[in-house]
Amino acid sequence: NAGVTQTPKFQVLKTGQSMTLQCAQDMNHNSMYWYRQDPGMGLRLIYYSASEGTTDKGEVPNGYNVSRLNKREFSLRLESAAPSQTSVYFCASRAPTNEKLFFGSGTQLSVL
Amino acid sequence: AQKITQTQPGMFVQEKEAVTLDCTYDTSDQSYGLFWYKQPSSGEMIFLIYQGSYDEQNATEGRYSLNFQKARKSANLVISASQLGDSAMYFCAMREFNAGNNRKLIWGLGTSLAVNP
């Protein structure tokens, strides 16, 4: 099983550019999440989706948009990238009857 | 106020010895869950162990056990018989089930563990 697949693994953007981080899971999970990880800040929730067709803001949603395209896919879009968005981004998913989060391998994003 | 506190930024342990990584938490909820995740240098986040607040027994998963002391609000991770592959960052996290915050995970800042041969 692939689990949670994130693409790309690395990305460099210039300030003002846009991009979409893709995430797909093959475990039939309802809940999906986007986190960012910064040194000294731990993991912070950007957006999450409790089920197909629903999305909600997390702790740090500003500058991001999300789409829950279907049950499998949950994408994160940066419309106009800023240096403050330089971070490692993780997608995760969770089954409704299990508290365990399954993480993707992460995307290292640099905004110059 | 920090809801999850990991007081040890870095820890060293000799191979084959046991090590305890500290985690204290702060919540007014009666129903919550506590987690430990491992992040090796390759970057992925790996689930290790889960303890529910109503679980009477301490959780165990192979060489990992969670020393849950509810009154002290601590959820320390114990790794027995350390291996070189245990060298990683370890994160403690909590989910409050009744907080109305959509049950998001609250994360600590992590403890870096180095296992010496």
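Laboratory data are not the source of any read-out in this text; all were calculated from the coordinates shown. Source: prediction; values computed, not measured. Cβ atoms come from the backbone with ideal geometry, glycine included; neighbour counts cover every protein chain shown.
General remarks:
- Measuring r between the beta carbons of A:PHE10 and B:GLN8 and using R0 = 41 Å, the FRET efficiency lands at 0.85.
- Rounded FRET efficiency, nearest 0.05, which uses the C-beta distance separating A:ASN30 from A:LEU112 and R0 of 35 Å: 0.40
- Estimated FRET transfer efficiency when R0 is 25 angstrom, pair A:SER105-A:ASP38 (beta carbons, to 0.05): 0.90
- The modelled label-to-label distance between A:ASN65 and B:ARG63, using points 7 Å beyond Cα along the C-beta direction, is 4.7 nm.
- Rounded to 5, percent antiparallel among DSSP beta bridges of chain A: 90 percent
- Three-way shape label, chain A, alpha-carbon gyration tensor, a/c 1.5: prolate
- Over the range A:9-59, volume per residue of the alpha carbon convex hull, in Å³: 129 Å³
- Additional length obtainable on full extension of the chain from B:GLU15 to B:ALA71, 0.36 nm per residue less Cα span: 17.0 nm
- Cross-linked pairs A:LYS14/B:LYS104; A:LYS71/B:LYS70; A:LYS14/A:LYS100; A:LYS9/B:LYS38; A:LYS57/B:LYS38; A:LYS57/B:LYS70: Cα-Cα separations exceed 29 Å for A:LYS14/B:LYS104; A:LYS71/B:LYS70; A:LYS14/A:LYS100; A:LYS57/B:LYS70.
- For the listed peptides A:24-37, A:51-64, a ranking on the average number of other beta carbons within 10 Å per residue, highest first, reads A:24-37, A:51-64.
- For the range B:1-67, the convex hull drawn through the C-alpha positions has a volume of 119 cubic angstrom per residue.
- Within the shell of other residues whose beta carbon sits under 11 angstrom from the beta carbon of B:MET11, the net charge comes to -2, with Lys and Arg scored +1 and Asp and Glu -1.
- For chain B, the alpha carbon convex hull comes to 99 Å³ per residue, rounded to a whole number.
- Proportion of all alpha-carbon pairs of the range A:44-104 beyond 18 Å (%): 36 percent
- Whole-number D in µm²/s for the protein assembly as shown (Stokes-Einstein; Kirkwood sum over Cα pairs; 25 °C, 0.890 mPa s): 135 µm²/s
- Of B:LEU84, B:LEU48, B:LEU21, the one that fluctuates the most in a GNM where chain B has Cα springs shorter than 10 Å: B:LEU84
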